Amino acid sequence: MSRKEGGPLNIPLKKWSLHLLLWIAGFGLWQVLSLAYGPEILPGPIYTARGGYELLMDGTLLQYIGISSYRVLLGWTLGSLIAIPVGIVIGKVGPIRSFAEPFLNFIRFIPPIAFITLFLVWFGIGETSKIMLILYATFFIVVLNTLTGIMSVEEDKIRSARSMGASEWQIVIHVMIPATVPYIFTGIRLAMGTSFMAIIGAEMIASNEGVGYLIWNSRLFFRTDWIFIGLICLGLMGFLTDRAVGLLGRKLLSRYGVVSTNSLRR
């Protein structure tokens with residue numbers, strides 16, 4: 001039995017065909033603009049690919065990607081692990097929340113890159129200052145999302161748990177935290193993007209390795225193709241990391257109401 005044209009099997013094919021056409025059009029426009037302005041100002045796809053191949057062959061590109069990824073993942077993980085319990089405590093304990101909330105709303109508007117000089121003075125020019133900068137970039141986003149989740153727990157659920165004899169500790173563990181998991185997960189994913197912004201700023205100013213250093217140092221040789229390679233690597237690193245975190249959250253936390261953006265589009 002043959003399927004009708006335009007049936008369910010043809011929908012994914014049309015979708016991927018449209019995506020392919022959009023990518024081809026984008027690369028075509030990029031190449032045309034490169035020819036108009038010159039590869040020194042705007043390197044085209046072929047010129048950029050040659051620069052990427054050059055960096056790949058001497059091992060620089062993979063080394064810098066690995067270093068930046070390590071810094072981001074370590075700082076982001078540490079920041080999240082510290083921020084989640086802090087956010088829960090702030091949201092649960094009224095006096096602490098009254099003191100901490102104005103402070104959080106004040107300091108969250110100071111971008112991480114503004115602290116680079118101070119962190120270099122406090123923690124030195126080694127890895128510690130960069131990890132701490134990413135930890136800072138992660139901490140406040142996750143804290144605020146966790147705090148919002150705790151404050152959003154319905155009072156009826158808390159009263160019901162109390163009426164059944166649950167202690168305050170049991171209410172936190174079995175009522176508040178499960179209800180807050182989607183907020184925490186959203187904060188963690190948002191903090192990932194901020195972490196990449198923080199590490200690039202730190203590597204541009206105070207590092208001899210990493211993707212940020214590659215982008216910043218390329219200006220000295222007027223290698224705009226290397227700059228484009230650095231930008232593309234950043235996009236791919238962030239995209240793949242976010243997809244991996246989203247997939248992990250969907251697999252492990254779906255019972256708490258966590259869904260990925262991919263599943264929403266289906």
Pro8 at pLDDT below 85, outside any helix (DSSP H, G or I) and of a type outside the set (Val, Ile, Thr): yes
Residues within segment 52-64 that are modelled with pLDDT of 90 or more, touching a helix residue (DSSP H, G or I) at 6+ places or on another chain (Cβ under 6 Å) and surrounded by fewer than 21 Cβ atoms within 10 Å (Cβ to Cβ), tallied: 0
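Condition check ((1) outside the structural domain of Thr77 (by TED's automatic domain parsing); (2) at pLDDT 85 or above; (3) of a type in the set (Lys, Arg)) across all residues:
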position	(1), (2), (3)
Glu154	no, no, no
Met164	no, no, no
Gln170	no, no, no
Ile173	no, no, no
Thr180	no, yes, no
Gly201	no, no, no
Tyr213	no, yes, no
Trp216	no, yes, no
Arg223	no, yes, yes
Sole exception among (1) more than 29 Å from Phe222 (Cβ to Cβ); (2) exposed (fewer than 15 other Cβ atoms within 10 Å of the Cβ) for Ala83, by number: (2)
Out of Phe106, Phe140, sole residue that is in the same structural domain as Ile82 (by TED's automatic domain parsing), under 20 Å from the mean Cα position of the chain (by Cα) and either buried (at least 17 other Cβ atoms within 10 Å of the Cβ) or more than 18 Å from Ile84 (Cα to Cα) (or both): Phe140
In segment 65-103, residue farthest from the chain's Cα centre (by Cα) [restricted to those that are among the aromatic types (Phe, Trp, Tyr) and modelled with pLDDT of 90 or more]: Tyr70
Lone qualifier among Gly91, Gly149, Gly51 - being in a helix (DSSP H, G or I), in contact with a Ser or Thr (Cβ under 9 Å, 6 or more places away or on another chain), among the small types (Gly, Ala, Ser) and under 27 Å from Phe222 (Cα atoms): Gly51
Matching option when the condition is surrounded by 16 or more Cβ atoms within 10 Å (Cβ to Cβ) and within 19 Å of Gly246 (Cα to Cα), among Phe119, Phe185: Phe185
Qualifying positions in segment 191-210 - in contact with a Leu (Cβ under 6 Å, 6 or more places away or on another chain) and either assigned to a helix (DSSP H, G or I) or not small (Gly, Ala, Ser) (or both): Ala198, Ala202
From Val175, Val142, residue being more than 24 Å from Leu74 (Cα to Cα) and either in contact (Cβ under 8 Å) with a residue 24 or more places away in the chain or not charged (D, E, K, R) (or both): Val175
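Rundown of residues vs (1) out of contact with any Phe, Trp or Tyr (no Cβ under 6 Å at 6 or more places or on another chain); (2) small (Gly, Ala, Ser); (3) within 30 Å of Thr224 (Cβ to Cβ), yes/no style:
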site	(1), (2), (3)
Ala49	yes, yes, yes
Ile67	yes, no, yes
Ile84	yes, no, no
Ile116	yes, no, yes
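The values are calculated or read from the model by the stated rules, or taken from the named source; none is laboratory data. Everything quoted here is computed from the prediction, not taken from an experiment. With ideal geometry, Cβ positions are generated from the backbone for all residues, glycine too; neighbour counts draw on all protein chains shown.
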